1. Would you check which residues across segment 19-32 are under 12 Å from Gly158 (Cβ atoms) and not β-branched (Val, Ile, Thr) and list them?
2. Where the second residue is among the polar types (S, T, N, Q) and not in a strand (DSSP E or B) and the first is over 30 Å from Ala255 (Cβ atoms) and lies in segment 187-216, which pairs have Cβ atoms under 9 Å and are six or more apart or on separate chains?
3. Of all residues in segment 248-259 being over 12 Å from Val231 (Cβ atoms) and part of a helix (DSSP H, G or I), which is modelled with the lowest pLDDT?
4. What strands (runs of 3 or more DSSP E) lie completely within segment 1-102 and have 2 or more residues being in contact with a helix residue (DSSP H, G or I) (Cβ under 8 Å, 6 or more places away or on another chain) and surrounded by 18 or more Cβ atoms within 10 Å (Cβ to Cβ)?
5. Report yes if Asp115 is touching a strand residue (DSSP E or B) at 6+ places or on another chain (Cβ under 9 Å) and on the phi > 0 side of the Ramachandran plot, otherwise no.
6. Out of all the residues in segment 237-268, which are surrounded by 15 or more Cβ atoms within 10 Å (Cβ to Cβ) and either in contact with a His (Cβ under 8 Å, 6 or more places away or on another chain) or of a type in the set (Asp, Glu) (or both)?
7. Can you tell me which condition Thr114 does not meet? The list is (1) hydroxyl-bearing (Ser, Thr, Tyr); (2) closer than 29 Å to Val164 by Cβ; (3) more than 14 Å from the chain's Cα centre (by Cα), and all the others hold.
8. Under the condition of being in a loop (DSSP other than H, G, I, E, B) and hydrophobic (A, V, I, L, M, F, W, C), which residue from segment 171-185 is nearest to Ala111 (Cα to Cα)?
Amino acid sequence: MIPKPALGFSVETLLPDARVSGPLRMGLVRLAESEWLAPDPNLACRNAAFDAHPEAVHVLPEARAAETELCEMLGVSGGIEQAARAHWEDFCILTQDAPGSEYRLTGAAVAFPTDWHLSEKMGRAIVKVHEPIDGYAEQLSAGVDRFLAGLRAPHVFGRTNAFVMANGMYRYLPTDDPATRFSHVTPENAGTTLFVRCERETLRRLPKTQAIVFTIGVHVTALGSLGDAAVQRVAETLDGFGHGEGDRRAAPHYAAALQAYADARKRKAA
């Protein structure tokens, strides 16, 4: 029997480990080397995204040595873009200007961003990268910094999150008003018009350069394709997040439809 991975590779299997309530937390789990990256990735949409969006790749000079080490580790010829084209995950490189200094995002290949633009994050310290997340600086920043400082090769750690979206696109960069974005969603059609998006994120240190590699594997599915337990867990996000985070996620614009759909599923399953 094949052992169950510490973190799955689908929305259904990732949801049990996703934070759906309470304060921000890293929620890290230890991963085996074989669980680092997704098996059998669909590379056609990855390549199409990078072909259409050259701005999805940016490497500062201070990340070049780590970029080379990462590609050697993966057995990939080229740079971080080729690494990301060959795998399901996006790759980010975090480096320090000097031992003990804060980590900065200095290299990345991000085909499937979740409502953020790489050009706005490059070169910035981790706390600034996460600035739009309500409560990050107060609740999580110090813990993240301690974890990064203590991370040792070859250990791999992973975590996941969950978002409710208005479409199933892998590149999620909405520019419209949230009220308009979710205006078509009703309790009756929420199963096909709402989508759940999980980012399967991992962290590991490169042994030679001591840079940290952060990967993001995006998994998306329609709400209605999930099992009953998964739907109820998604519904928990409506009360679990504070107003600041809920507003950032546009929750007020889909909450009523999602809750009604989840309640109907629960009654049907009873």
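The values are calculated or read from the model by the stated rules, or taken from the named source; none is laboratory data. Worth saying up front: this structure is predicted, and the values here are computed from it rather than measured. Positions of Cβ are backbone-derived with ideal geometry, glycine not excepted, and every protein chain shown enters the neighbour counts.
1. Here is the first cut: in segment 19-32, the residues under 12 Å from Gly158 (Cβ atoms) are 26-32.
Within segment 19-32, Met26, Gly27, Leu28, Arg30, Leu31, Ala32 qualify.
2. Thr209/Thr68
3. Checked segment 248-259; the qualifying residue modelled with the lowest pLDDT is Arg248.
4. On the way: elements: 29-31, 57-59, 90-96.
Per the criteria, 57-59, 90-96.
5. Details: touching a strand residue (DSSP E or B) at 6+ places or on another chain (Cβ under 9 Å): yes; on the phi > 0 side of the Ramachandran plot: yes.
When the stated conditions are applied, Asp115 passes them.
6. Once the filter is applied, which keeps residues that are surrounded by 15 or more Cβ atoms within 10 Å (Cβ to Cβ) and either in contact with a His (Cβ under 8 Å, 6 or more places away or on another chain) or of a type in the set (Asp, Glu) (or both), segment 237-268 yields only Glu245.
7. It is condition (3) that Thr114 fails.
8. Of segment 171-185, the ones in a loop (DSSP other than H, G, I, E, B) are 171, 173-177, 182-185.
Of the ones still in play, those that are also hydrophobic (A, V, I, L, M, F, W, C) are 173, 182, 185.
Details: Leu173: 11, Phe182: 24, Val185: 27 Å.
Top of the filtered list is Leu173.
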